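Values quoted throughout were computed directly from the atomic coordinates according to the rules given, and no laboratory measurement underlies them. Everything numeric here is computed off the predicted structure, so don't read it as measured data. Cβ placement follows ideal geometry from the backbone for every residue including glycine, while neighbour counts extend to all protein chains displayed.
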Amino acid sequence: MQSATHAVDSASLEIGSGNKTQLARVGLQWKWDSKWWQSNGTHIGGHWDLTLSQWRADRFHNIPGNSQNLIDIGFTPVFRLQNDNLKGWYLEGGIGAHYLSKVYDNNDRQFSTKFQFGDHLGVGYVFLNNLDVGLKIQHFSNGSFKQPNDGTNFAVLRASYAF
């Protein structure tokens, strides 16, 4: 019997906003088979998250129509404190690698590199029909390996469906 560890388990849609920048994101997830620190009907599990986003930044807010659009490809291991049946409330966190199509510059926030780390903390709920709805705060920066490293933050609403 073949293990489902390498099969796509779910797909997600996300929208977010922060620092005069909006994002729209699609993603694919692969669940881990591991259950760490299992106790009282909960455990820490997780999944791999592969995402493709579009960012729209208002570069100079006093000039109409002057915005920056860029593409973000990301790959993040996500750890989740969840119920053993994978339903109900969860808390999650992750840190991953992201590559931007352009160096981000919205006049208030500037990156010096296309490579960024993206970390997040979130909360969500998985319904009985495998619909997962969550809210997360996500931060992007290059880890200070090149200046400027202003970073940027997003509030992100996420919906995913497990197959």
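Counting only lysines at least 8 places from LYS114 when in the same chain, those with an alpha carbon closer than 29 Å to its own are LYS20, LYS31, LYS102, LYS136, LYS146. Label-to-label distance for SER17 and TRP89 is 2.7 nm, based on points extended 7 Å past Cα in the beta-carbon direction.
Highest average first, the peptides 11-17, 143-149 ordered by how many other beta carbon atoms sit within 10 Å of their residues are 11-17, 143-149. Counted by neighbouring Cβ atoms within 10 Å, the residues SER67, SER101 run from fewest to most as SER101, SER67. What residue among TRP37, TRP55, TRP89 has the largest mean-square fluctuation in a Gaussian network model of the chain, using Cα springs under 10 Å? The residue that fluctuates most here is TRP37. Restricted to Cα atoms, the chain shows a radius of gyration and a Dmax of 17.0, 61 angstrom.
For VAL8 and LEU121, calculate 0.36 nm times their separation in residues minus their Cα-Cα distance, and state this gained length in nm to one decimal.
So the chain would gain 38.4 nm between VAL8 and LEU121.
For the stretch 11-26 versus the stretch 79-94, the inter-centroid distance based on Cα atoms is 22 Å.
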